[in-house]
1. Taking only Cα atoms, what is the 0 to 90° angle, nearest 10, from helix 30-40's long axis to the longest principal axis of the chain?
2. Springs between alpha-carbon atoms under 10 Å, Gaussian network over the chain: tell me which of ALA120, ALA52, ALA37 tops the mean-square fluctuations.
3. Answer with a single label: of (1) 1.40; (2) 1.06; (3) 1.24, which was calculated as Cα Rg over 2.2 N^0.38 Å from the structure in view?
4. Which distance in nm do the two modelled labels at VAL121 and ASN98 give, with both placed 7 Å along the Cα-to-Cβ direction?
5. Not counting the cut sites, what is the longest span of the chain without trypsin sites (Lys or Arg not before Pro) that DSSP labels loop and that have at most 12 other Cβ atoms within 10 Å?
6. For the pair ARG54 and LYS152, how long in nm is the line joining their label points, each one 7 Å along Cα→Cβ?
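Quick note: the coordinates plus some simple rules give every number you see, no bench work behind them. Computed from a predicted structure; not experimentally measured. Methodologically, a virtual Cβ is constructed for each residue, glycine included, from the backbone with ideal geometry; neighbour enumeration extends over all protein chains shown.
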Amino acid sequence: MAQAAPSVITDEMRALVGVDGPPVTLEVEKTNCRMFARAVGHTDLIFYDEDAARARGYRSIVAPPGFLGTPVFRPGVAAQGPPGAGRGYSVPYRRVLNGGTEYEYFPESDTICAGDTITAVSRISGFEETEGSLGPMLITTRETTYTNQRGKVVAKMRGTMIQY
């Protein structure tokens, strides 16, 4: 009888499940909103023109869906990286694949607009090992909560990363 391969999920990794990572500060700026909207093909003027956005009841240019700000860069300070990055574990697999990303917005709390400062906090939801057509895989799920400068949760992201 063949012996099962040892798990790549270590005790250190298990200890990270459900633990908040360090907060990442993101700024929502007009130019970045416009660039993102243009890159993904949005044509609604609320993503480009402040007067059009205000005429529709928004505080400023609206952040397009999928854009939650740009990490604040501080020279001489270690880069924050994307929310949840650098959690201190290694995996023996060299290939990485985005297994899907889902955003949930809470516009009833506050629509994300230019001028907002967002704090992102990510946590690993779980690890799962499985066998794919190319061999063993590790599936990591994580959730990131985005809170604005007024302390309101404005969005949550749930993502899946596949390493094989």
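1. Roughly 60 degrees, rounded to the nearest 10.
2. With Cα springs under 10 Å in the chain, the top fluctuation among ALA120, ALA52, ALA37 is at ALA52.
3. (3)
4. Each label point lies 7 Å from its Cα, and together they span 2.5 nm.
5. Values: sites that count: ARG56, ARG94, ARG95, ARG150, LYS152.
Here the longest segment lacking exposed loop sites spans 1-55.
6. Once both label points are built, they end up 1.9 nm from each other.
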